[in-house]
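Since the structure comes first, as C-alpha cells, the remarks are kept for the end.
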Amino acid sequence: MYSPWREFSASDKEEYIKYLKIFGALSGLFKDSKEGKNASKPYLYYRNHEQLFAKVFDVEDLTRKDSAFDAVAKIEDQRIGVGLKTWIHSRDLTYQKVAEFNKVAPLELAPLIENKEYSNLIYKIAELRNERIKLDQRQYNTAFDIYHNITRDDNVMNIMETSYDLVQLDSLKMIDQNGRTYTFSDGLNRYKFYASKSVLLKEFDASKEKIYESIPIIQKDDPFEILNLIKLNNFDSKENVQNSIYLPIYSDRNMKVEDKSGFNAWNAAPKSKGSLTPRPEFEAYIPIPKWIHHTFPNFFGFNALNKIERNNSKSFNLHLPDGRKIKAIVTQDFGKSLQTNPQSVLGKWILHDVLGLKSRELLTMDHLVKLGVDSLKITKIDNQNFKIELAETYAFEQWKIDFEDEIKSSNSRSPKMRPFLMVE
C-alpha cells in the first residue's frame with residue numbers, strides 16, 4: 001500500500017508530532033471528566049487534526065468543501081487524495097463514518113427500505129459512495145487515495161494509514177440488518193449503514209501491527225499554564241476576506257440543465273445556417289446570471305455588462321482543482337457566458353474529466369443529483385487569476401438568498417429556495 005507518511009520529510013513529520021503533543025497536553029480543556037475508562041486517552045478535535053495536517057504538510061485543504069477527501073497531497077509528480085480520521089481507541093476493529101447521503105436518501109434509498117429491497121439498497125449505497133469518490137478522483141486528478149488516521153489510546157496517539165478503497169460492487173454481501181442498521185461486506189471491507197441518519201460507516205483496523213508511530217502524550221493537569229504563555233499582542237489582526245461567487249451548472253431561470261445551451265451547447269443547431277456539421281464535442285460554457293454582474297460589477301476586473309469594456313477585456317487564468325490552468329473569457333450579451341477558446345476545453349474538463357460523461361452525452365439534473373453537485377465556486381485570486389471548483393447541491397441557491405434585493409432590482413424575481421427533487 002502506498003504511504004504518504006513514509007514519503008513526507010523527517011522535519012515535517014517532527015513538526016506534526018510536536019503539535020500533536022501540544023494538542024494532547026491541552027486535553028484537560030475539552031474533556032468532561034478526568035476519571036473513567038477514557039481519562040488517560042488524549043483529546044484531539046477532528047478540525048484541529050485537519051488544520052494541522054494541511055499546515056504542516058502543505059497540502060490542499062478540502063475540509064470546508066463537500067469532498068470525498070479532506071486534503072490532496074502532492075508528492076513529487078503524484079497527487080494523493082487523503083481522508084483524515086481520528087478516534088478513541090476502544091477496540092482494534094471499529095466503525096467510523098465515511099459518507100452521508102442526507103440529500104439523496106429520500107429519493108434514492110427510502111423507497112428501497114420501504115419495499116424491503118435490501119440487496120438493491122446496499123448496492124445503491126455502494127454505488128453512490130463510489131460515484132462520489134470517483135468524482136473527486138477525476139476533479140483532483142489523484143493517482144492514489146489513502147486514509148491517514150490517528151487513534152488515541154492511554155497516554156498515546158497512534159499514527160496509521162489505511163487504503164481508501166472503492167466498494168466492490170460485484171462482491172456485496174449482506175451480513176446483518178434489523179430495518180434500521182444494515183451491515184454488509186464487499187470482500188475487502190465491512191460497512192454499516194444507519195438509515196435514520198443516512199450515514200455510511202467503514203470498519204477500520206487499528207491493531208498494533210497497523211501502527212506506524214506511537215507518540216507519547218503528557219496531559220497537563222492544569223492546561224491553563226500553557227495558555228498563559230500566549231502573548232495576544234503579537235497577533236496580526238488583519239482579516240482574510242474570501243472573494244467568491246457561485247455559478248449554477250443548471251439554468252437559473254428554471255433549475256434545469258438546458259438541452260441545447262450552457263453545458264449542452266454542443267447539442268445546439270450548427271452555427272452555420274443549413275450546415276449539417278454538428279458542433280464540436282464537449283462545446284460548453286458556464287451561464288452567468290445577469291444579477292451577478294449587477295451585484296459584483298467588477299468581479300472579473302471589468303464591468304461585464306458594459307459592451308465596450310467586455311469586448312476590450314483580456315482572457316484570464318482559471319485554476320483547475322487538479323493543478324492545471326486554462327485561459328477563459330466572459331463574453332456574449334450582458335456577459336452571460338464564461339467560456340474558453342475553444343469552448344470544448346472547458347467542456348471536456350467538467351463534462352468528461354470531472355462529471356464522467358462520454359462524448360455527446362447530455363448532462364441532466366438527474367446526473368448532478370446523483371453526484372451531489374450542481375454549482376461551481378469561482379474564487380478571485382487577482383484580476384488575471386481565478387480558482388474554479390465544484391460546489392455541493394444547493395450551494396448556489398443558498399448563496400443567492402443573501403442577495404435577494406439585488407436580484408429583484410435586476411430581474412424582478414425573488415431567489416426563493418426551489419424544490420430539490422425537481423429533476424428533468
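A few remarks follow.
- Of the strands (runs of 3 or more DSSP E) lying entirely inside segment 54-100, those containing at least 2 residues that are in contact (Cβ under 8 Å) with a residue 12 or more places away in the chain and in contact with a His (Cβ under 7 Å, 6 or more places away or on another chain) are 78-88.
- Contacts under 8 angstrom Cβ, first residue in segment 253-272 being in contact (Cβ under 8 Å) with a residue 24 or more places away in the chain, partner among the basic types (K, R), 6 or more apart: M255/R418; A265/R279; W266/R279; W266/R360; N267/K260; N267/R279; N267/R360
- L346 vs. criteria modelled with pLDDT under 95, more than 30 Å from A105 (Cα to Cα), among the aliphatic types (A, V, I, L, M) and not in a strand (DSSP E or B): yes
- Test: S359 is in the same structural domain as D252 (by TED's automatic domain parsing), closer than 26 Å to T393 by Cα and assigned to a helix (DSSP H, G or I): no
- Options F69, F57: the member that is among the aromatic types (F, W, Y) and under 17 Å from the mean Cα position of the chain (by Cα): F69
- Taken over segment 1-32, the criterion of being of a type in the set (D, E, K, R) and either surrounded by 13 or more Cβ atoms within 10 Å (Cβ to Cβ) or in a helix (DSSP H, G or I) (or both) is satisfied by R6, E7, D12, K13, E14, E15, K18, K21, K31.
- The set of residues in segment 145-177 that are touching a His at 6+ places or on another chain (Cβ under 9 Å), surrounded by 21 or more Cβ atoms within 10 Å (Cβ to Cβ) and polar (S, T, N, Q) contains only T151.
- Top-ranked residue in segment 201-233 [being closer than 30 Å to N189 by Cα and touching a helix residue (DSSP H, G or I) at 6+ places or on another chain (Cβ under 6 Å); ranked as surrounded by the most Cβ atoms within 10 Å (Cβ to Cβ)]: I215
The values are calculated or read from the model by the stated rules, or taken from the named source; none is laboratory data. As the structure is a prediction and not an experimental result, all values here were calculated from the model. Positions of Cβ are generated from backbone atoms using ideal geometry, with glycine treated the same way; all protein chains shown enter the neighbour counts.
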